[in-house]
Amino acid sequence: MSATPTLRAARDTDSAGVIAIVEAAFAEYPGNVLDLETEERGLLTPASAFEAFWVLDAAGLIVGCIGAATRVPGLRAELKKCYVRKDFRGSGLGRRLVQAMEAWAREQGMNEVELWSDTRFVEGHRAYEGLGYHRTGAIRELHDLSRSVEWHFLKRLPG
């Protein structure tokens, strides 16, 4: 990695880069299907489709992304679509993305952040736990093309 990627608000024109990161991450775990037509349409217009969405831009190459949504106004935000290109992992970029999302949540007056993560994304789970998220025990089945089963994670933000 040469220059430190710039964190910025996503534009809808970042779609191809965001899709490439998500597609590559899905390919790391057998059985994952990225269906842009029905299940992941928001990736086609990330700035418009999400309440907040950021990318890490390395001289025009999108190397990371994260989104946010309000789950319970005044209480809880949801972390969405956190991905970092494999060749950029281990350099603190995931932490940087999560911290930006958590800062947004605090600015919105929220004191908790939740996320749902496919049970297959073991590497991501370790990263989230290292950032203070804990698995709550809740599980959901999405009934999607990937037959996803997700674990629920929660973090109380320091006040």
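Each value in this text was obtained by applying a stated rule to the coordinates, not by laboratory testing. Everything numeric in this text was worked out from a predicted model, so none of it was measured. So basically every Cβ, Gly included, is an ideal-geometry build from the backbone, and we count neighbours across all protein chains shown.
Observations, loosely collected:
- Output for region 125-159, where each listed residue is in contact (Cβ under 8 Å) with a residue 24 or more places away in the chain and over 19 Å from residue 95 (Cβ atoms): 140, 144, 145, 146, 147, 148, 149, 150, 151, 152, 159
- For residue 95: the one exception among (1) within 24 Å of residue 28 (Cβ to Cβ); (2) surrounded by 14 or more Cβ atoms within 10 Å (Cβ to Cβ); (3) among the basic types (Lys, Arg): (2)
- In region 115-159, the residues that are acidic (Asp, Glu) and either touching a Lys or Arg at 6+ places or on another chain (Cβ under 6 Å) or over 20 Å from residue 83 (Cβ atoms) (or both): 141, 150
- Test set (1) crowded, with 17+ Cβ neighbours inside 10 Å; (2) over 23 Å from residue 6 (Cα atoms); (3) among the aliphatic types (A, V, I, L, M) - residue 27 fails condition number: (1)
Residues checked against (1) among the acidic types (Asp, Glu); (2) over 21 Å from residue 152 (Cα atoms); (3) under 14 Å from the mean Cα position of the chain (by Cα); (4) buried (at least 18 other Cβ atoms within 10 Å of the Cβ):
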{"position": "45", "(1), (2), (3), (4)": "no, yes, no, no"}
{"position": "66", "(1), (2), (3), (4)": "no, no, yes, yes"}
{"position": "80", "(1), (2), (3), (4)": "no, no, yes, yes"}
{"position": "84", "(1), (2), (3), (4)": "no, no, yes, yes"}
{"position": "102", "(1), (2), (3), (4)": "yes, no, yes, yes"}
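- Checking each residue in region 18-37 for being among the hydrophobic types (A, V, I, L, M, F, W, C) and within 14 Å of residue 87 (Cα to Cα) picks out 20, 21, 22, 24, 25.
- Hits in region 93-124 (condition: in contact (Cβ under 8 Å) with a residue 40 or more places away in the chain and in contact with a His (Cβ under 8 Å, 6 or more places away or on another chain)): 114
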